[in-house]
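J.: What follows is a single structure, and I will ask about it in a moment.
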Amino acid sequence: MFDRNKKYIFDGGMGQALLDKGLKPEGTLWSATALIYENFHQLVVDTHLDFINAGAQLIVSNNFGVRKRRFAQNNKSDYFEIANKNAGLLAQKAKDLSNKKVLVAGSLPTHGNTYQPDFFASDEEVSDIFFETAKTLNPFVDLFYLDVMSSAKEIVIACEAIKEFDKPVLIGLYFNDNVCLTSGDTIENVAKNIKNYNCCGIIAACTSPETADLVLPEFKKTHLPYGFKLNAFENIPSDFVINEVSSTNPVKALGTRKDSDFTPSIFKTYVEKAASQGASLLGGCCEITPKHISYLNKIL
């Protein structure tokens, strides 16, 4: 059970870690490729275990790339439900094999382009997708994670769609280089919209440390547990849209920070400072590896 008074170490970037282990993405499916083809399933389990063994106490299911539109683009619509189910099953299997007290968060990704506020369906259709995904993941997860959301509207749609499952919801927000979501919504506005739902925390999702520095003081005002999943990309342009090149390996489009800029030791120093100032949800996203996470053990 999620404890709002506890500090948690998250995992890092599952998709990038899978690529490093040899996953060959198909089309724009990115990490979801590993959920469709059985020969990659053990790779998913092993990658979850790498993060758990490094010290992660809360892992996120590997279905960030499982989106209706993306599956339709790749002629894989029939695999949508089984891909989500496999994400839950494989995360649960890793948790069981670890024999450690680990929480599993079910990923509920945005249904537009990553980092962008607009989605490609009606509100009703998006609600149905959130419900369908949550229903499939529900037997395997301890909480739900709204994974890289860019608008208060989509957050409310998701929270309303999944409220009957009565599980805590962690809100992951994406920001440009300011304290607003890319939709223009403020943190204050988001906090007002989620106050009637079972939200257990709010984090800056797949964001740079520079942006996290700007938003963490605003998070503190919400009186919710807060923190971040940092990425180590060099830069995410404001008009960035996933295409076949970037979905095969986002680093090709977004670059990665130099090793001297974001070593595991530098990552640890940043996280320690944020934790000392009140952040309690601490972890990484793209390009944050199990080695980075292993440096966080002493923080708790």
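The values are calculated or read from the model by the stated rules, or taken from the named source; none is laboratory data. Keep in mind that this is a model prediction, so the values were computed, not measured. Because the Cβ atoms are built from the backbone with ideal geometry, glycine has one as well, and the counts that use them run over all protein chains shown.
J.: For Ile203, state whether it is more than 30 Å from Pro290 (Cβ to Cβ), within 19 Å of the chain's Cα centre (by Cα) and at pLDDT 95 or above.
T.: Taking the combined requirement at face value, the residue does not satisfy it.
J.: Moving on to the next point. I'm told Gly65 meets every condition in (1) modelled with pLDDT of 95 or more; (2) small (Gly, Ala, Ser); (3) not in a helix (DSSP H, G or I) except one. Can you identify the failing condition by its number?
T.: Among (1) modelled with pLDDT of 95 or more; (2) small (Gly, Ala, Ser); (3) not in a helix (DSSP H, G or I), the lone unmet condition for Gly65 is (1).
J.: A follow-up question, please. Please find, within the range 284-300, the residue that is surrounded by the most Cβ atoms within 10 Å (Cβ to Cβ) out of those that are out of contact with any His (no Cβ under 9 Å at 6 or more places or on another chain) and not in a loop (DSSP other than H, G, I, E, B).
T.: The residue in question is Ile293.
J.: Quick one: in the range 1-57, of everything that is assigned to a helix (DSSP H, G or I) and in contact with an Asp or Glu (Cβ under 6 Å, 6 or more places away or on another chain), which residue is farthest from Gln73 (Cα to Cα)?
T.: It comes out as Phe51.
J.: List, please: which pairs have Cβ atoms under 6 Å, are six or more places apart or on different chains, and start with a residue in the range 67-79 that is more than 8 Å from Gly27 (Cβ to Cβ) and end with one that is surrounded by fewer than 18 Cβ atoms within 10 Å (Cβ to Cβ) and modelled with pLDDT of 90 or more?
T.: Phe71/Ser77
J.: Inside the range 265-281, can you point out the residues that are in a helix (DSSP H, G or I), of a type in the set (A, V, I, L, M) and touching a residue at least 24 places away in the same chain (Cβ under 8 Å)?
T.: The first filter runs over the range 265-281 and keeps only residues in a helix (DSSP H, G or I), leaving 265-276.
Pick out the ones that are also of a type in the set (A, V, I, L, M) and you get 266, 271, 274-275.
Answer for the range 265-281, where residues must be in a helix (DSSP H, G or I), of a type in the set (A, V, I, L, M) and touching a residue at least 24 places away in the same chain (Cβ under 8 Å): Val271, Ala274, Ala275.
J.: Name every residue in the range 13-55 that is more than 18 Å from Pro109 (Cβ to Cβ) and of a type in the set (Phe, Trp, Tyr), in order of residue number.
T.: Tyr37, Phe40, Phe51
J.: Among the residues of the range 23-46, which ones are free of Cβ contacts under 8 Å to residues at least 60 places away in the same chain and in contact with a Lys or Arg (Cβ under 6 Å, 6 or more places away or on another chain)?
T.: Leu43, Val45
J.: Could you tell me which residue of the range 73-99 is farthest from Ala32 (Cα to Cα), considering only residues that are charged (D, E, K, R) and part of a helix (DSSP H, G or I)? Steps first, answer last, please.
T.: First, pick out the residues of the range 73-99 that are charged (D, E, K, R): 76, 78, 81, 85, 93, 95-96.
The next check asks that each one be part of a helix (DSSP H, G or I); those that pass are 78, 81, 85, 93, 95-96.
On the way: Asp78: 13, Glu81: 12, Lys85: 12, Lys93: 17, Lys95: 20, Asp96: 22 Å.
In this case the residue turns out to be Asp96.
J.: Could you list, in sequence order, the residues of the range 171-200 that are of a type in the set (Phe, Trp, Tyr) and at pLDDT below 95?
T.: Matches in the range 171-200: Tyr174, Phe175.
J.: Pick from Ala121, Ala158, Ala152: which is under 26 Å from Asp78 (Cα atoms) and crowded, with 21+ Cβ neighbours inside 10 Å?
T.: Ala158
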